[in-house]
Each structure stands twice: as C-alpha cells, then as structure tokens.
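**Q** One structure, pasted below without further comment.
A short reminder: the numbers here are calculations on the coordinates, not readings from a lab. Keep in mind it's a predicted model, so treat the numbers as computed, not measured. Cβ sites come from the backbone with ideal geometry, for glycine too, and all protein chains shown count toward neighbours.
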Amino acid sequence: MKKIALSTLSLALLGAAGAAQAQSSVTLYGVIDTSITYVHHQSGSDNGWNMGTGNLSGSRWGLKGQEDLGGGLATIFQLENGFNSTTGQLGQGSRMFGRQAFVGLESKQFGTVTLGRQYDPLVDLVQGITADNYFGSVFATAGDVDNYDNSSRTNNSIKYLSPNYAGFQVEGMYSLGGVAGKTGSGQTWSVAAAYNNGPLGVAAGYFKADNSNGVRTPTASGGGWAGTSDGTFNGPINMGYQTAKSINIARVAAQYTVGAFTVGAGYSNAQYKSDGLSTFGSTEKYNTGQGFVNYQLTPAMLLGLGYSYTKSSGDTSAKYHQVSLGADYSLSKRTDVYLVGAYQHASGQTRNDTGTAIVNAQASVGSYGYAGTSSQELVAVGLRHKF
C-alpha cells in the first residue's frame, strides 16, 4: 500500500486548506487477482476453461484515510472499488465504489462509528477466522448461502465497533430501509462478537436483512431481492429463494494455531423466510458445518484442506458435500502464486432460478455460481499482487 502524506498545498487543491495543521493521511491500496480456471460441469454436463478474477481476494483498488482531531479522536473514510481484472468491468452491480464507501469517527477510548456502504459485523469479526480468509471462494459454503465469502454488502448503514479489550470486541450495525411509512421495508441489522488472543480465535454473530415490501420479480440474476443488503444469490443453490421476505443468518467459528498448523471449524444456520409476495411457501433453512486445517510448510508456502457440508430443509431438501484444497506460495511480501481446487456433490431437490418449480439439486462450488450436474470440480492456478 502506498501512503501519501497530505501537504498544505495538496490540501488546498482539495479545498481543505483550513485543515492543513491537522495530521492527515491518505492511503492508496489495491489487489489484482487473476487465474486460469477449469470447471468440470460448468454448465450442466459441459466443461469450461476460463480466465477468472478474485479467487483468493476480490480484485480492487481503494483510498482510505484519517484526520487527527486531537484528544484521541479522528475522522476516517474509505472508498473501495471492485473490478473484474480480466475485462476491466466494474463489480458489485457496476458501482463505482461497490465494495465499500463510508465516513466516520474513530475514538481510541470509545470505539468507531461509520456511515455508508459497508460490510456487516459477521464479515468483520467472523470471516477472518475461517478458511475463506486464507484461500477464498474455493473454500466458501456451497452457493455462499450464509455469506461466508462476503458476497453481500449493506447500503445506508450505521455501524459501531468497540475498542479492543484484551482481544475482545463487539460490533453492531443497522441499515435504514428508507421507505416512508414502512420502517421495516428493506432494513438490515446485525451484531457480532469476537475474541482473538494468541493462538485462539472465537467469534459469533447474527445477521438479518429484509426484502422490499414492493413488487418482487424473480430473475435469473436475483432481481427478486431489493433490500439494503445485496443478498446472497450465487447460482442454483439458493437463487430460487430471491423473493424471500428476509434472510436470517447465525454464524459461529473458531480457529487455533499449534506450531505450523492452524485448525478451524464453523457452523451456520441461514433461513430464507417467505411471505405473500414470495414464490415459495415455507422457510428454506440451510445448516452448514465446516472444518479446515492449514500447514505452513515453509515461510513462503501455505497448504490448506477444507470440508463443508450443507443441508437444506423446509421448502425443499438437498445435501451438498464439498472438499477443497489450496496451496499458496509467496514470491515476495506483495506477490504470490496459488493453486486451488474443489469437488462438490449435490443430492436432493431445490427450486429453479425463479422459484416457480421444484428441480434436482445442482452442484455449484463455493460462490462461483456455475450450475453443474450432481457433481462439479473446479481447479484454478493464479497470480495475486497487492499494492
């Protein structure tokens, strides 16, 4: 990351010369992650070779900064753009700063309050001690039904993060739906807590996002969802539930490091609830158990093995078994090469993309969204550079 100290002249050019006496900084940073990916059963029984983006880390660039206000208080901001490194196209629905866009106040004594488009507390406090933190999308929950791979961000959100008390932190978020006379339409709220001290990390949290009370028209790309949060619809596993009244996710995770080994486990319960505007009648529940083990073979080489089991029930019933492997080699502090892969097997039944019919469950590794047959394999070799 490149840190730019703002001089009096640069502040003047930004129209902020009056703040020149305050200690301020802006950091330009980014990640470019590009791979060659092979998918066995990418579309039905058809296979595919692709150039992919964002396997271990979503490709992005951003600006973040702070101004010291004195007395342990600072103004902070962050603007983060997501893009497809293979085409240059904007990500997150073609938003200029679709990954993050917020401003806030940070107090060393009282914590941090931020306003804008942000990650929810489960992403901030739970995701960091899961396999996804090390090897990305290939290790994510089938279909990312529990936002394990950070598919969703939240607009119009107010978030509070406590100071770190001997490794313990709590965070809460509320997002205003913005619909006059209908306070709950489209709103989102979430809470989480984490303890990280030495080799042990433990975290848990809850997330609830409401859909709009207006017309919900299901599409093959998730058009039936219109809440303040983006939704978690990545392919055939849960696309049929895009007209849900709400998405409710509870997650807990833990990891422990012993020498060169890091072991971790997690559980999530995701519920897609229905109402009179939904194309399905009963709540669809996804219960997922996961485990992983990483081995630091050398200071430069990290190896990982993960297993995930997801079972849906309620409206329909299906099972998804996924085994994931990863190897990441650092060429420098900022550049690494990797080889990752996964196998997934699906059985049972689910809804089609528009939620109007019951169909056989299709395997779809992680959050990639490829719609295979009852099984799917994915292998990617890639290069990642951070700046």
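**Q** Rounded to the nearest 0.05, what FRET efficiency do residue 168 and residue 275 have when you use their Cβ-Cβ distance and R0 = 35 Å?
**A** That pair, residue 168 with residue 275, gives E of 0.40.
**Q** Points 7 angstrom from Cα along the Cβ direction at residue 133 and residue 63: gap in nanometres?
**A** Calculated label separation equals 3.0 nm.
**Q** Arranged from highest to lowest average of other beta-carbon atoms within 10 Å per residue, in what order do the peptides 140-150, 228-238, 25-35 appear?
**A** Averaged packing, sorted descending, gives the order 140-150, 228-238, 25-35.
**Q** In whole Å, what is the distance between the alpha-carbon centres of the range 232-258 and the range 168-203?
**A** About 15 Å separates the Cα centre of the range 232-258 from the one of the range 168-203.
**Q** Among 216, 334, rank each residue by its count of other Cβ atoms within 10 Å, from fewest to most, as a rough exposure measure.
**A** 334, 216
**Q** Next up: For a quick check of your reading of the filter: which trypsin sites (Lys or Arg not before Pro) in the range 128-190 sit in a DSSP loop and have no more than 15 other Cβ atoms within 10 Å?
**A** Answer in residue order: 182.
**Q** If R0 is 30 Å, what FRET efficiency do you get for residue 385 and residue 94 from their C-beta distance, rounded to 0.05?
**A** The calculated FRET efficiency here is 0.80.
**Q** Pick from 293, 258, 170: which is most flexible by mean-square fluctuation in a GNM of the chain where alpha carbon atoms under 10 Å apart are linked?
**A** So, out of 293, 258, 170, the one fluctuating most is 258.
**Q** If you place +1 on the Cβ of every Lys and Arg and -1 on the Cβ of every Asp and Glu, how big does the dipole about the Cα centre of the chain come out, in debye to the nearest 20?
**A** It comes to approximately 380 debye.
**Q** Expressed as a whole number of Å, what is the distance separating the alpha-carbon centroids of the range 71-149 and the range 300-318?
**A** Taking the Cα centre of the range 71-149 as reference, the centre of the range 300-318 is 22 Å away.
**Q** A follow-up question, please. Put a dot 7 Å past each Cα toward the Cβ at residue 359 and residue 29; how far apart are the dots in nm?
**A** For residue 29 paired with residue 359, the spin-label model returns 4.0 nm.
**Q** Return the FRET efficiency for the residue pair residue 250, residue 215: r is the Cβ-Cβ distance, R0 is 30 Å, and the value is rounded to the nearest 0.05.
**A** 0.50
**Q** Let me ask another. Rounded, prolate or oblate for the range 98-249? Axes are the square roots of the Cα gyration tensor eigenvalues, ordered a ≥ b ≥ c, and the cut-off for rounded is a/c under 1.5.
**A** Oblate, because a/c is 1.5 or more while a/b does not exceed b/c.
**Q** Still on this model: Quick one: among 61, 189, 49, which has the greatest mean-square fluctuation in a GNM of the chain with alpha-carbon springs under 10 angstrom?
**A** Looking only at 61, 189, 49, the largest GNM fluctuation is found for 49.
**Q** Give the lysines reachable from residue 311 as a straight Cα distance under 17 Å; neighbours fewer than 8 places away on the same chain don't count.
**A** 273, 285, 319
**Q** Same structure again: Starting from the Cα gyration tensor of the range 138-200, multiply each eigenvalue by 5, take the square root, and state the resulting semi-axes largest first in whole Å.
**A** Each semi-axis is the square root of five times an eigenvalue, giving 27, 20, 7 Å.
**Q** While we're on this one: Restricting to DSSP H runs of at least four residues, report the calculated mean residue ellipticity at 222 nm for the chain, -39500 (n - 2.57) per run over all residues, nearest 500 deg cm²/dmol.
**A** -500 deg cm²/dmol
**Q** Hey, rough spin-label estimate for residue 345 and residue 293, points 7 angstrom out along Cα→Cβ, what's it come to in nanometres?
**A** 2.1
**Q** Rounded, prolate or oblate: which one fits the range 93-181, using the alpha carbon gyration tensor with axes a ≥ b ≥ c (rounded when a/c is under 1.5, else prolate when a/b beats b/c, else oblate)?
**A** oblate
**Q** Can you list residues from other chains, or at least 5 along the same chain, whose modelled amide H is less than 5 Å from the amide H of residue 238?
**A** Residues meeting the criterion, in which the H sits 1.01 Å from N, do not exist here.
**Q** A follow-up question, please. So what are the ³J(HN,Hα) numbers for the range 60-76, from phi and the Karplus equation (6.51, -1.76, 1.60; θ = phi - 60°), rounded to whole Hz, Gly and Pro as x?
**A** Here the 3J(HN,Hα) series is 6, 9, x, 10, 9, x, 8, 10, 6, 9, x, x, x, 10, 9, 8, 10 Hz.
**Q** Report, largest value first, the span of the C-alpha coordinates of the chain along each principal axis, in whole Å.
**A** 65, 59, 42 Å, listed from the longest principal axis down.
**Q** For the chain, with a Gaussian network of springs between Cα atoms less than 10 Å apart, report the residue from 57, 282, 364 with the top mean-square fluctuation.
**A** Fluctuation is largest for 282.
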